[in-house]
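Below is one structure, written out as structure tokens; the observations come after it.
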Amino acid sequence: MAASHLVSQAFLPLRNRHVSISSRSRTVLPIKIRATLASEPATVTASKHCFSKKEDGYLYCEGVRVEDAMQGAERTPFYLYSKDQITRNYEAYRAALEGLKSIVGYAIKANNNYKVLEHLQSLGSGAVLVSGNELRLAVRARFDPTRCIFNGNGKVLEDLVLAAQYGTFVNIDSEFDLENIVMAARIAGKQVKVLLRINPDVDPQVHPYVATGTKTSKFGIRNEKLQWFLDAIKTYPNDIKLVGAHCHLGSTITKVDIFRDAAVLMVKYIDEIRAQGFGVEYLNIGGGLGIDYHHAGAILPTPMDLINTVRELVQSRDLTLIIEPGRSLIANTCCLVNKVTGVKTNGTKNFIVVDGSMAELIRPSLYDAYQHIELVSPPPSDAGVVTYDVVGPVCESADFLGKDRDLPTPTKGSGLVVHDAGAYCMSMASTYNLKMRPPEYWVDNGSVVKIRHGETFEDFMKFFEGL
Ligand SMILES: *Cc1c(COP(=O)(O)O)cnc(C)c1O
């Protein structure tokens with residue numbers, strides 16, 4: 001398949017190959033549209049944000065009161081997205097990539113909602129996969145598998161065979177991974193396009209759990225081993241074709257110099273690889289751009305800032321740039337909407353207990369991550385502001401959504417949101433304590449539309465049927 005085919009799609013105008021999304025049968029809640037933000041073009045600036053508190057003291061999502069969405073929802077907690085925000089985030093990348101040959105590979109692991117995937121695909125996105133099932137899902141959502149990239153340090157043969165059959169790019173992560181890719185190519189009877197995942201040893205200055213490109217990381221090949229890999233690849237000309245180099249530094253990165261430092265190193269490797277006769281055409285700089293979780297007025301780098309730091313390097317070598325954003329495309333498009341079960345104190349600490357928990361949203365428990373929390377409706381006029389831990393009902397002391405938050409004392413049954421819950425929240429949700437995975441909705445054209453059913457007790461019992 002010609003590289004020009006891969007490249008061209010990123011430049012097509014907004015495609016609507018699957019406009020049927022909006023005409024399919026769907027659940028529309030009886031919600032009055034209070035504002036007409038939805039009538040604005042979807043390609044407005046990336047800085048406009050979908051969730052905002054208005055003068056009336058209520059939190060809105062694209063003109064819909066979150067409290068109204070709560071009234072109509074199947075149950076709480078639930079995830080609430082803005083479809084337009086997803087579009088705006090994608091458009092910000094597209095605008096940044098203007099004039100470059102490029103592929104945007106959305107990292108499906110950040111959020112695998114099928115409707116979200118269909119939407120990103122319709123905007124022209126490719127996909128980044130870390131399992132065979134993610135590849136199956138991408139294909140179901142009509143992503144072009146030849147514009148998808150299969151990543152991972154422990155890819156299994158069966159999944160690699162699937163990737164080979166679909167013509168997906170595969171990143172080589174280790175010696176054994178190379179062996180497996182060659183075997184998969186033989187089983188599938190297809191030559192696989194591979195990129196070398198090089199570990200550039202650049203410190204991304206993030207939580208150690210989300211740093212992936214340093215010397216001690218379990219991902220990628222050591223750069224000293226580059227020649228060994230090139231020699232090995234040369235021995236399998238029928239099975240694999242080296243087309244690029246890949247790195248992924250980590251996640252929640254808030255300084256774009258880090259990407260620039262890595263790209264400088266990667267281009268040097270590409271020069272070395274080309275000097276040995278390989279027709280390498282792709283530089284994949286991975287994902288990892290952070291977002292403003294703190295909502296404290298910090299100015300964070302945009303997709304444009306990120307691409308600008310590598311633009312000239314990429315052009316100087318006539319490369320096609322692959323980027324793999326997950327969080328920066330989807331995190332800020334969504335809130336977890338919870339209902340307050342009650343407020344309590346243990347003498348030294350005060351707690352707001354909500355119905356959401358680490359089962360639905362584990363990032364605070366797992367990484368001690370901060371996600372901004374606010375109430376969805378004005379508190380009673382006599383409510384004082386108190387320092388609270390916001391916790392769920394799960395039987396773990398690690399079950400918290402936020403610590404030491406100054407919030408007005410909410411009434412029982414009122415709404416409380418955890419912001420920036422679009423990435424690594426629902427996709428990491430579990431059913432611990434038999435809290436079944438929550439339903440998901442998005443605001444689309446001023447209406448609240450269900451985009452995933454809540455899981456039920458009956459769903460759970462199905463795993464035991466006939467046993
Ligand atoms: C997780 C992952 C991404 C996405 O990272 P974000 O921080 O969500 O942008 C991209 N590439 C690879 C290889 C990944 O593992």
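The values are calculated or read from the model by the stated rules, or taken from the named source; none is laboratory data. Values in this document were obtained by computation on a predicted structure and should not be read as measured data. Note: ideal-geometry Cβ built from the backbone for every residue, glycine included; neighbour counts use all protein chains shown. With ligands, DNA and RNA removed, areas are computed over all heavy atoms of the protein, side chains included. Shrake-Rupley method; radii C 1.70, N 1.55, O 1.52, S 1.80 Å.
Brief remarks on what is shown
- Whole-percent carbon and sulfur share, accessible surface of the chain, 1.4 Å: 53 percent
- At q = 0.14, 0.33 Å⁻¹, base-10 log of I(q)/I(0) for segment 259-304 (Debye sum, equal scatterers on each alpha carbon): -0.51, -1.20
- The Kirkwood hydrodynamic radius of the chain, based on inverse pair distances between different Cα atoms, is 23.3 Å.
- Along principal axes, Cα extents of segment 389-467, largest first, whole Å: 51, 40, 26
- Among the lysines of segment 83-329, pairs at least eight places apart or on separate chains and with Cα atoms under 19 Å apart come to 18.
- In this structure, the amide hydrogen of Ile240, modeled 1.01 Å from its nitrogen in the peptide plane, lies closer than 5 angstrom to those of Val192, counting only residues at least 5 positions away or on a different chain.
- Accessible solvent surface per residue of the chain, calculated while the other protein chains remain in place, 1.4 angstrom probe, Å²: 41 Å²
- Spatially proximal lysines relative to Lys349 (Cα-Cα < 27 Å; intrachain offsets below 8 disregarded): Lys339, Lys403, Lys412, Lys435
- Nonlocal amide H pairs with Leu401, under 5 Å, H built at 1.01 Å: Val390, Val391, Gly392
- J(HN,Hα) series, segment 342-348, from Karplus relation 6.51 cos²θ - 1.76 cosθ + 1.60, nearest Hz, glycine and proline x: x, 10, 9, 9, 10, x, 9
- Selection from His294, Ile451, Phe51, by position along the positive dipole direction of the chain (Cβ): Ile451
- Interatomic Cα distance distribution for segment 133-239, bins of 10 angstrom, percent: 15, 42, 31, 11, 0
- Neighbourhood charge, 12 Å Cβ-Cβ cut-off, centred on Arg197 and excluding it, Lys, Arg +1 and Asp, Glu -1: +1
- If both residues of a DSSP beta bridge must be in the chain, then about 50% of such bridges are antiparallel.
- Each peptide in 315-323, 72-80 was scored by the mean count of other Cβ atoms within 10 Å over its residues; highest first, the order is 72-80, 315-323.
- Phi to ³J(HN,Hα) by Karplus 6.51 cos²θ - 1.76 cosθ + 1.60 over segment 123-131, Hz, x for Gly, Pro: 7, x, 6, x, 9, 10, 10, 10, 7
- From the C-alpha gyration tensor of segment 83-329, square roots of 5λ in Å: 27, 21, 16
- Farthest positive-ward along the chain dipole, Cα basis, beta-carbon charges - from Pro303, Val182, Ala369: Val182
- Using C-alpha pairs under 8 Å with a sequence gap of at least 6, the mean separation divided by the residue count of segment 334-460 gives a relative contact order of 29 percent.
- Each stretch of four or more DSSP H residues adds -39500 (n - 2.57); spread over every residue of the chain, this sum gives -8000 deg cm²/dmol at 222 nm.
- Ranked packing of 446-454, 281-289, 159-167, 413-421, most packed first, by mean Cβ within 10 Å: 281-289, 413-421, 159-167, 446-454
- Net charge of the neighbourhood of Thr254, taken over other residues with C-beta under 15 Å away and scored Lys/Arg +1, Asp/Glu -1, is -3.
- Sequence-separation-based contact order of segment 83-329, relative, with Cα cut under 8 Å and 6+ spacing, percent: 21 percent
- Length-normalised contact order of the chain in % [C-alpha pairs under 8 Å, at least 6 apart]: 18 percent
- Computed about the Cα centre, the dipole magnitude for the chain is approximately 860 debye when only Lys and Arg (+1) and Asp and Glu (-1) carry charge, each at its Cβ.
- Relative intensity of segment 69-172 on a log10 scale, I(q)/I(0) at q = 0.13, 0.19, 0.21 Å⁻¹, equals -0.53, -0.94, -1.06, per a Debye sum over C-alpha point scatterers of equal strength in the absence of solvent.
- Computed about the Cα centre, the dipole magnitude for segment 83-329 is approximately 460 debye when only Lys and Arg (+1) and Asp and Glu (-1) carry charge, each at its Cβ.
- Overall dimensions of segment 325-467 by Cα: Rg and Dmax, Å: 16.1, 57
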